[in-house]
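Each remark here refers to the structure printed beneath this line.
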Amino acid sequence: MSYTLKLLICYHKKSVLLKDDVLTPIHVGRALARRNMNENSSQLKWLEENMIGDDTGENISEKNSSYNELTAAYWAWKNYEEIGNPDYIGFMHYRRHFLFDRADYKPDFMGLVKYNELSEDYLKNNLNDEKIKKQVEQYDVIIPNRIENKSVNGSKNNYE
């Protein structure tokens with residue numbers, strides 16, 4: 001089966017650029033960043049040069065301080081053609097990823113897997129188009145596991 005897939009990777013600052021045919025970086029809160037940063041800011045310049053912004057077309061970029069990465073979800077919903085009308089769409093954060101290869105799966109007490117760096121090996125083994133598509137084609141929806149941790153900000157779990 002042939003299908004198209006885009007994973008929007010939400011950025012708000014300069015970091016390792018995750019970008020290929022599937023991984024599509026998006027600068028969330030770009031309208032706020034433009035208002036709050038110096039136009040000559042190297043960080044803003046890098047973000048503008050390397051990714052789309054959530055401030056084009058119909059958008060809620062100005063509300064990013066209230067909605068965080070949901071400004072990217074709203075932007076994708078209202079501007080779907082800008083990312084090629086993919087059959088499937090997903091969202092990740094530039095530093096919080098789905099694991100598409102469980103070979104090195106060692107969760108901590110919260111069920112999270114932590115890596116010290118985004119090495120070439122990590123990128124090749126986890127965030128490559130083939131592995132992403134292989135995992136995605138098996139499911140209708142992919143969401144994080146439920147995490148129980150009553151010690152963090154008084155929250156009970158990621159669902160509540």
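The values are calculated or read from the model by the stated rules, or taken from the named source; none is laboratory data. Remember, predicted model here, so these are calculated numbers, not experimental data. Note that each Cβ is placed from the backbone with ideal geometry, even for glycine, and that neighbours are counted across all protein chains shown. To get the accessible areas, we keep the full protein, side chains included, count just its heavy atoms, and leave off ligands, DNA and RNA. Shrake-Rupley method; radii C 1.70, N 1.55, O 1.52, S 1.80 Å.
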Margin query: Of everything in region 4-28, what is touching a Ser or Thr at 6+ places or on another chain (Cβ under 6 Å) and not basic (Lys, Arg)? Give them in sequence order.
Written below: Leu8, Val28
Item checked: Where Glu81 falls short, out of the listed (1) part of a strand (DSSP E or B); (2) open to solvent by 60 Å² or more (accessible area, probe 1.4 Å); (3) not aliphatic (A, V, I, L, M) -> (1)
Check: What tally of residues in region 59-73 results from selecting those that are open to solvent by less than 80 Å² (accessible area, probe 1.4 Å) and in a loop (DSSP other than H, G, I, E, B)?
Finding: 3
Next item on the list: Could you list all residues from region 14-58 that are under 21 Å from Glu117 (Cβ atoms), free of Cβ contacts under 8 Å to residues at least 40 places away in the same chain and open to solvent by 50 Å² or more (accessible area, probe 1.4 Å)?
Entry: Lys14, Leu17, Lys19, Gln43
Next item on the list: For region 118-132, state whether one or more residues are surrounded by 12 or more Cβ atoms within 10 Å (Cβ to Cβ), at pLDDT 80 or above and part of a strand (DSSP E or B).
Entry: no
Next item on the list: Please find, within region 84-104, the residue that is farthest from Glu62 (Cα to Cα) out of those that are modelled with pLDDT under 80 and open to solvent by 80 Å² or more (accessible area, probe 1.4 Å).
Entry: Ala103
Next item on the list: Of all residues in region 16-30, count the ones that are modelled with pLDDT of 95 or more and of a type outside the set (Val, Ile, Thr).
Entry: 4
Notebook entry, point to check: Which one of the conditions (1) under 22 Å from Ser15 (Cα atoms); (2) assigned to a loop (DSSP other than H, G, I, E, B); (3) out of contact with any Phe, Trp or Tyr (no Cβ under 9 Å at 6 or more places or on another chain) does Leu99 fail to meet, given that it meets all the rest?
Noted result: (3)
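Given the options Lys19, Lys45, name the one that is out of contact with any Phe, Trp or Tyr (no Cβ under 8 Å at 6 or more places or on another chain), of a type in the set (Lys, Arg), within 30 Å of Ser2 (Cα to Cα) and not in a strand (DSSP E or B).
Being out of contact with any Phe, Trp or Tyr (no Cβ under 8 Å at 6 or more places or on another chain), of a type in the set (Lys, Arg), within 30 Å of Ser2 (Cα to Cα) and not in a strand (DSSP E or B) holds for just one of Lys19, Lys45, which is Lys19.
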Next item on the list: Scan region 1-13 for residues that are open to solvent by 30 Å² or more (accessible area, probe 1.4 Å) and assigned to a strand (DSSP E or B) and jot them down.
Entry: Lys6
Check: Pairs, please: C-beta under 9 Å, at least 6 apart or cross-chain, first residue more than 17 Å from Thr4 (Cβ to Cβ) and in region 122-144, second assigned to a helix (DSSP H, G or I) and open to solvent by 40 Å² or more (accessible area, probe 1.4 Å)?
Finding: Asn125/Lys131
